[in-house]
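The block underneath contains the structure these notes are about, expressed in structure tokens.
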Amino acid sequence: MANFDISSVDQNLAVATAVNAPDLELHDVREAPFQLYGFYDPKNEPVFKRMPTAVAEQVSDGVNELHYHTAGGRVRFSTDSPYIVIKAVMNKSGRMAHMAVTGSSGFDLYLDSPDGDSIHYRTFVPPPKIIGGYESKLAVKLGGMRYFTINFPLYNDVMELYVGVAKGSRLGEGVPYRKEAPIVYYGSSITQGGCASRPGSCYTATVSRALNMDHINLGFSGNGKAEDAMVDYMKSLDMSVFVCDYDHNAPNEEHLRATYQKMYDAIREANPDLPYIMISRPDYYTHPSFAGHDESIRRRQIILDTFHYAIAKGDRHVYFIDGEGLLRADGCTVDGCHPTDLGFYFMTQAVLPVVRRALMERD
């Protein structure tokens, strides 16, 4: 059967495969005035990455592969150009059957205001089959100097990114984030962003954006297992809040029990006043007849044991979020586990007020 091209009947769903901009000027986002966030040393590394390769290699083969995925990466800038172009150099396609290519391999554009508010403007939609990266152009008919954020793909490597503007347009710095260290999120594929329809929709991005705060996404799909090398790296980071969301990736209850309190102790010793948020797995299966329900109860108890242990020690900066109710509504997941944008919205509604409260109580 021949493949059907939807653009033959609906031009609104067509994807541009070439950029028509004869006055285009391309700029490397590693250079000023662009400001990069969510990456490890992006101006000195040959590819974008979320942590040092030397550490990732010590953690696991999976983390070593996934630390090149650009989940949580952003670039901020301002321009008065009537259009914005991206040219991304990528060495993989990042395609999955149950996740939109706009989320796994796409970039989305946010319009920022000087007071820190940020709203989704458009998405740089990639072609169905990405080979070596892609180019995309978005019209920006807003007039005057405007502030923007571009979010990097959730499940793909990016070697280089160029932003294009019309020749003669002004380029400047983006809106600064709050003068806080980043929020650090550690966890599973859900933390990494699977299966958001675009990068800005995952809960790590939406929580941080609502607070106008920088963040680092250390979600590693299938590989958030609290290895000693990973914990040693995370405890060394300068961070304003630590969100621990790896329950889903712990292979079994024994592993969770052996690592959960141990990781808390290590991070707390290095960061005595750091707000520390614990989340039990959101794919809870709330009905007792569902497979995994009893296990979810036991795993949650392991996390609660660490939470109560911290409270008993006098820790005033520890918080617990029960994953049981996070994805209960119809349409919250694509496969019974990974959230849709609706699922990430509900996760944001649960996580955001706790992060906000933690920041207030820390101060």
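The values are calculated or read from the model by the stated rules, or taken from the named source; none is laboratory data. Here the structure is a predicted model, which is why all the values come from computation and not from measurement. Cβ coordinates were reconstructed from backbone atoms using ideal geometry, including for glycine residues, and neighbour counts include every protein chain displayed. Side chains are part of the model used for accessible areas, which takes the heavy atoms of the whole protein and leaves out ligands, DNA and RNA. Shrake-Rupley method; radii C 1.70, N 1.55, O 1.52, S 1.80 Å.
Miscellaneous remarks
- Estimated FRET transfer efficiency when R0 is 35 angstrom, pair Asp238-Asp23 (beta carbons, to 0.05): 0.25
- Only Cα sites of the stretch 41-82 enter the Debye sum here, all with the same form factor; the resulting log10 I(q)/I(0) across q = 0.14, 0.16, 0.27 1/Å is -0.41, -0.49, -0.96, listed in q order.
- Within-13-Å neighbourhood charge of Tyr110 [Cβ basis; K, R +1; D, E -1]: +3
- Within the listed set Ser236, Ser93, Ser78, the residue fluctuating most in the Gaussian network model of the chain (springs between alpha-carbon atoms under 10 angstrom) is Ser236.
- Loop-located chymotrypsin sites (Phe, Trp or Tyr not before Pro) in the stretch 224-265, at most 16 other Cβ atoms within 10 Å (DSSP): none
- Annotation note: trypsin sites (Lys or Arg not before Pro) in the stretch 254-363 located in DSSP loop regions with a Cβ neighbour count of at most 14 within 10 Å are Lys313, Arg316, Arg328.
- Per residue accessible area of the chain, 1.4 Å probe, in Å²: 43 Å²
- Coarse-grained scattering of the chain at q = 0.10, 0.11 Å⁻¹, given as base-10 log I(q)/I(0) from a Debye sum over alpha-carbon atoms: -0.62, -0.74
- Taking only the C-alpha atoms of the stretch 318-360, Rg followed by Dmax gives 11.4, 36 Å.
- Here the calculated FRET efficiency for Ala258 and Leu342, from their Cβ-Cβ distance with R0 = 51 Å, stands at 0.90, rounded to the nearest 0.05.
- Percent of Cα pairs exceeding the 11 Å cut-off, where the set is the stretch 58-98: 81 percent
- All other residues whose Cβ lies under 12 angstrom from that of Gly222 are scored, Lys and Arg at +1 and Asp and Glu at -1, for a net of -1.
- The stretch 123-180 versus the stretch 217-250: alpha-carbon centroid distance in Å: 28 Å
- Annotation: the stretch 26-176 has a Kirkwood hydrodynamic radius of 15.8 angstrom, from the mean reciprocal C-alpha pair distance.
- Label separation (Thr53 vs Lys129): 3.0 nm, computed from points 7 Å beyond Cα along the C-beta direction.
- Added length on full extension, which subtracts the Cα-Cα distance from 0.36 nm per residue, Asp335 to Arg95: 84.8 nm
- Cα extents for the stretch 221-285 along the principal axes, largest to smallest and rounded to whole angstrom: 34, 21, 20.
- Difference of contour (0.36 nm per residue) and Cα-Cα distance, Arg178 to Leu304: 42.2 nm
- Rg over Rh, two decimals, the stretch 89-226 (C-alpha only, Kirkwood Rh): 0.97
- Compactness index (Cα Rg / 2.2 N^0.38 Å), the stretch 150-283: 1.19
- Neighbourhood charge, 14 Å Cβ-Cβ cut-off, centred on Leu138 and excluding it, Lys, Arg +1 and Asp, Glu -1: +4
- Inverse of mean 1/r across different Cα pairs in the stretch 35-123, Kirkwood, Å: 15.2 Å
- When the solvent-accessible area of the stretch 188-337 is split by element, carbon and sulfur atoms take up 48 percent of it, the probe being 1.4 Å.
- Each listed q (0.16, 0.21 Å⁻¹) maps to a log10 I(q)/I(0) for the stretch 230-363, found by the Debye formula over equal Cα scatterers with no solvent: -0.85, -1.32.
- Restricting attention to the chain, the count of lysine pairs at 8 or more positions apart or across chains with alpha carbons under 20 Å apart stands at 17.
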